[in-house]
Amino acid sequence: MLENNKVIGTALIKFTENELDLIILCLLNTRRTRIPTKNNEWRKPIKKLSEDLMGIRQQLEDKKNTEA
């Protein structure tokens, strides 16, 4: 939960790598959707979430590469 841009809590969510890839792909496709509106505020949380998940995905890849 965010309150004045401060994180109040955390959550542990478990995904497989394939599920994570699929979620990222869906978010990217949603961001690319053309909707005839002048207000594009709806894209901001989707952009942030996709960037965060791509960062997590990169961390997973880095960890896998260092263990190999």
Exercise. Along the charge dipole of region 15-67, which of Thr33, Pro45, Gln58 sits closest to the positive end, that is, farthest toward it, with unit charges on the beta carbon of Lys, Arg, Asp and Glu (+1, +1, -1, -1)?
Worked result: Thr33
For this session: Return one number: the angle in degrees, 0 to 90 and rounded to the nearest 10, between the long axis of the Cα atoms of helix 43-67 and the longest principal axis of the Cα atoms of the chain.
Result: 10 degrees
Exercise. By how many nm would the segment from Lys6 to Glu41 lengthen if fully extended, with 0.36 nm per residue of separation less the alpha-carbon distance?
Worked result: 10.6 nm
Seminar exercise, completed: Residue span Thr16 to Arg32: 0.36 nm per residue of separation minus Cα-Cα distance leaves a gain in nm of 3.3 nm
Problem set entry | Helix 17-32 axis, angle to the chain major axis (alpha carbon atoms, nearest 10°) | 20 degrees
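Read the figures in this text as sums done on the coordinates, not as results from a lab. Computed from a predicted structure; not experimentally measured. Using ideal geometry, Cβ is built from the backbone for each residue, glycine included, and neighbour counts are taken over all protein chains shown.
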